[in-house]
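The values are calculated or read from the model by the stated rules, or taken from the named source; none is laboratory data. No experiment lies behind these values; they were computed from the predicted model shown. Neighbour counts run over all protein chains shown; Cβ positions are idealised from the backbone, glycine included.
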Amino acid sequence: MNETAISLGPSARRLAAVGGMLLALLSFCIGGCGFQPRGVAEGFDTATLPSPLFISGIGRFSPLYRALERQLAIADIEIALRAADAAAAQLRIHDVSRDRRVLSVDSNNRAVEFELAESARFSFYGADGRELVAQQDIRVLRLLYRPEQGILGSDREGVLLREDMREELATRILRHMAAAR
């Protein structure tokens with residue numbers, strides 16, 4: 001039995017080296033595309049957020065409270081269950097609202113495109129009771145396209161979109177708080 005070894009010539013070795021460099025360059029470029037996992041968004045220092053923090057004005061089981069709770073847990077910030085336990089600061093949510101507006105209709109006069117809005121009015125107080133962030137409104141807008149054929153899928157898409165909007169609302173609130181400290 002005669003076995004032959006395959007040997008690469010100089011041009012094949014050069015091609016392999018160039019291919020390896022292209023792969024390395026491609027992975028470097030993809031790494032810089034801005035992708036990041038969900039959680040507290042980059043761009044502010046979570047170390048400046050106070051702990052423990054008391055959140056008032058909304059119920060503990062409201063969707064915005066839960067979004068704030070998740071974001072604060074990622075940042076290792078404790079949430080005080082009573083105002084007396086919050087030696088660090090207090091976040092007051094004055095108003096939370098959501099809205100849905102029809103943007104376009106199809107030829108059968110059925111709504112197919114909506115603008116979804118989630119908004120909150122909040123203020124932030126330090127441990128000494130001093131107002132660090134005056135009442136501010138934050139609003140998150142998204143478009144939802146709902147074609148006639150995909151009614152069931154678009155209902156679920158609308159629910160997921162609302163959840164993402166609340167997460168973004170919570171992140172924006174935390175950014176304002178971090179900037180005030």
Boolean, L141 is assigned to a helix (DSSP H, G or I), exposed (fewer than 14 other Cβ atoms within 10 Å of the Cβ) and at pLDDT 90 or above: no
Scanning the stretch 57-74 residue by residue, those touching a helix residue (DSSP H, G or I) at 6+ places or on another chain (Cβ under 7 Å) and either in a strand (DSSP E or B) or surrounded by 16 or more Cβ atoms within 10 Å (Cβ to Cβ) (or both) turn out to be I58, P63, L64, A67, L68, Q71
Give all pairs with beta carbons closer than 6 Å in which a residue from the stretch 155-181 that is touching a residue at least 12 places away in the same chain (Cβ under 8 Å) meets a residue that is of a type in the set (S, T, Y); count only pairs at least 6 apart in sequence or on separate chains. A178/T48; R181/T48
Taking the criterion of being assigned to a strand (DSSP E or B), at pLDDT below 95 and either more than 21 Å from the chain's Cα centre (by Cα) or farther than 17 Å from P63 by Cα (or both), would at least one residue in the stretch 150-163 satisfy it? no
